[in-house]
Structures are given as structure tokens and as C-alpha cells.
Amino acid sequence: MSPSLGRTRRRSSELVTGMLGGILAAGLGLGAFAALVMVLWISSPYPDSGPGGALHVAAALWLLSHGVELIRTDTLSGDPAPVGLVPLLLLALPLVLLHRSARDHAGDGVGAAARATWAGLVAGYTAVGGVVTLYASGGALRPSWWWAVVCVPALAALAAGTGVWAAHGRPLLPLPAPLGGALETEGRRQVLAAAGRAAGAGALALVGGGALLVAVSLVGHGDAVRASFPQLTEGWSGRFAVLMLCAALLPNAAVWAAAYALGPGFVLGAGYVVAPLSATAPTALLPPFPLLAAVPTGGTALTWAVGVVPLAAGATVGWFTGARAAAERGAPWSVRRTAAAALVAAALCAVAVALLTVLASGPLGVAALSHVGPLWWQTGGAAGAWVATVALPVALSSRGWRARAHGKPSGVDGDAGPVMTTVRRPAAEGRVAERTGRTGRRGGLFRRKEVRAEAARSMRRPGGAERKRGVVDAGPGSAVPAVFPRELEAALDAAAPRERFADLPLAALVSTAEAHPDRASDRPLHEGGAGDRTEVSDHPDRPLGPGEPTTAKAPDQAS
């Protein structure tokens, strides 16, 4: 019972640690919103509520940053109006805090310990969310309990899951059951990984292009943007609050501009669609707000230039897909596989853009303001069509170009290339070589360095560049350069066809060359030597003396 008791205690400890981490992350985010709202309330010349009202507003904004819909009760008509447009910059704060807390508290735990940490983080964060929802229900902006029950735990689970996954080195996730085959799982995983990276790059290109369009439009409508600030508030604290609200809504504006560039555009009230192909309403109908002052008002030649944004996104997806398809290691992907990866990337990019559209839009009231922003199904469909149309030819062209640039097929240089001589060793000996490793056997790394240095010295000698070179394969993972003079190769060819010696070891080839009848047995010995040592001048790799000829003797002229 002791091992199971110890595991239970460890899981309990991980659960408690995770709960503390979730409570800390929620407290930091809530404290940041409270500090910001209190500073604005203190600097306001005409505060319409006390510190309790400011804290209620801070709690409501914290819930709004999680996607919780708020209900505004102090309307002119007296009917409650929903507020569900989430500033994406506010959404980034709880995501980052919870992700960092999960990554720091996950530690080295795996399996049940990691799941306990994740569960503790979600439970602690959700508990704080419930308390904040209960407190904010007494303010002017009341949260919807249904949205609070759904959004806060979902966001906590997502952010904590990514944090625990990052803490354990971002391991490969298992494929879904319909995609996981026994033989093709690795190939499908590679296609999905490449498609995911390309889709992320394409979505970033779309949003980045939308941000560039927003910046250009703000500069072009600079006078109207500046005139909107005095119409909203007179004090500097109020203008600073409006400026901060505009900064929090800039990511939303970038997504809206991307939807405008894709074609469907976005909705600013019932019957008012802003798109390149639709008629626009007069800007006098829009309320004075800096970002609304930059809304395009007419279809000019400059309006059609926004089509560069989806074209750039499609080219980005195709470029990333082609780069992965023609990787330097391994053979390039087939045309069918590359096309499949490009289409999957287009589908994933469409899903990502649709999700961003859902997050960047929402209601600001009832009736005409029940939906403000782009429609997710139109924007996602347009993104998928644009990216698929552009990415497919770009991916195939990039794959072909990179495959030709990374390497040439064997035998391109013809006779100018190296002469390859393969010497095979028995299978048992090869297995022993694999077990001992490349540098663990005699003649390993240091031997290859010595042979390369000797080959370089022979090339610097007169006549060395005219010799042909080959590679002797001495086993798995071993390639030892060997330099043969032309005369020795001619002797080997004259003794027997080269194909007969393709599977013989190097020692057998040398023995056959020495036993050739054209080679005389009474070769002159080196001066001062005795025995069967050959003449030093016949060795191809020896250093030449200052007074010796530069050409080596042929084997048939030794006598």
C-alpha cells in the first residue's frame, strides 16, 4: 500500500500546487484591471460613481476579456443591451498569465502528475472567476452567468493545457483516430505539421496585412481621427481612456481590415456593410470614434489594391509548404503530397481566420447593433478560397525550384566525376562495425583525417591533379578515400573485367594486381634495402625529392 499511498500524496500535492498557481494567475490579471480602472477614475474630473463602482467596472472588464457577455442596464430606452465585443488585446492578458503559471508549476511531472497540475490550475482559476462573476453582478455592467460558466473554464483549460505542454518540451501529440494509420501515421504527421506551420504563417500574413491597412487608413483620415477625440470627451484623462480603448481594439480592427481585403467586409449595423464590392453609407451615420473615422468611404482604385493582402497570404502558405516539401534531408515530396499539404494548409488557415473573426466581433446592443464586425462563415470561406487558389501553384513551383537548387542527380558530370569503387564486407563484420560506432574502431575518424591530408598533399605534387580518385566503403558509416594511379587501374582492368571484383575486399584487388603476369618479379630494390620491399619511387603517395622526375613509372615498365 505504501507505493500507491505515495502516488496519491504526490497527486494531491500537484493538485494543490496547480490550484495555487491558477488563483495567482487570476489574481494578477484582476489586479491589473483594477489598477488601470482606479487610475482612470482618480484622474477623471467628473467621476459619476465611487470606488465601489470603479471596482465593479474592473471586475466586469476582467470577465469581458475572457469572452463573457455583459449586460448594460443604464440605457436610454431602459431595456438591457448586451455588450459582447471583446477587445483582443485584453484577451491576451489572461491567456499569457495562465500559460506562464501552468508552465512554471508543471515542473517535471508526467502522466497523472501533469494531469493533476492541469486540473488544479483550471479549478483554481475557475473558482476565482465564479467569485468575480458574483461580485460584478451588482454593478452597472452585469455579466451573463451562462457565458461566465462556459467561457472562463474553457479559456482556463486551453491556456493551462498549452502551458503544461510547453513545460514538457512540446511533445508530439497523437493524431485523431481517423488520421492515424499503422503505416502512414508518420507521413500524415509530417503533412499535418507542415500544413499547420504554413497555415499559421498565412493567418499571420493576413492579420499583419490588415494591420497595415488600418495604419494607412488612420494616416489618410488623420483630420477626422483627431476631430473625434474632442467630440467624445473634453478632459485629458477621458481622451487618454479613449486612446487606451482604441489601442485595445487595434487587433480587432486588423481582423476587420483583413475581412475587408478578403472581400466579405464587415458589418457596422443593420444594412451597413463595409466591403470593396458594396455601396457604403455616409460616414455621418457613424458615431464619433477614432477607429470608425478611418472606415473607407468609397470604391476607388486604391480600394482594389487591398487584394494584395490575400495574395501575399496565399503566397506565404505556398512558400512554406514548398520549402518543407523540398527539404534538404531526404527525397522531395511527390507532387500529390505537396498539393495535399497546400490544400490542408488552406483549410487550416480558413479555420484560424474564422476563429479570429468570431473573437473579434460581437454585439454592442440590440436590433441594428446585434452584430458588429465580420461574419465568420463568410470571412473563413473567402480566406480558404484565396489561399487555396494562390498557395497550390506557389507550393508546386517552390518545391520544383528548391529540389533543383539543393542537389543534382548522380552522374551529371560524366567522366569528370569521381570513380566510385565499392568494397563490401561480410554482414557479420558490418554488424560489429555498427555496434562499435564510427570512431570507436581502428581507422576511424583520425584515420580518415590522415588519409584526407595525404590526398591533399598528393594533389599539390606535380601530376597529382591528373589522378583519378575513388571511395572505398569499408562498412556502414565509413568512407575512406583511396588514391590509385592510372597504371594500377589499367593493370586491374587488363587482368579481368572490373565487374568481377565488385564484391571483393581491397586486399584481394591488390593481390590480383601484384600477381599480374605483366609485372616483373625481379623489380629493382631500394638502395640499402633487402627482401621483397618494392621500390619507393613506385609508391604514388610518397613525397618527391628535389631531383626526381614528376611522372610515376608504369607497372609494366618497372623491369
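The values are calculated or read from the model by the stated rules, or taken from the named source; none is laboratory data. Everything numeric in this text was worked out from a predicted model, so none of it was measured. Here Cβ is always computed from backbone atoms with ideal geometry, including for glycine, and neighbour counts include all displayed protein chains. Ligands, DNA and RNA are stripped out before the accessible areas are found, and what is left, the full protein with its side chains, is counted by its heavy atoms. Shrake-Rupley method; radii C 1.70, N 1.55, O 1.52, S 1.80 Å.
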*Using 7 Å Cα-to-Cβ label points, what is the residue 368/residue 13 separation (nm, one decimal)?*
6.3
_For the pair residue 351/residue 131, report the inter-label distance in nm, with labels modelled 7 Å from Cα in the Cβ direction._
3.7
*Short version: ³J(HN,Hα) in whole Hz for each residue of the stretch 88-97, in order, from phi by Karplus 6.51 cos²θ - 1.76 cosθ + 1.60 (θ = phi - 60°), x for Gly and Pro, what are they?*
5, 5, 6, 5, 5, 5, x, 4, 5, 5
*Pop the C-beta distance of residue 46 and residue 154 into the FRET formula with R0 = 45 Å and round what comes out to the nearest 0.05.*
0.70
*Å² per residue, accessible surface of the stretch 124-259 at 1.4 Å*: 52
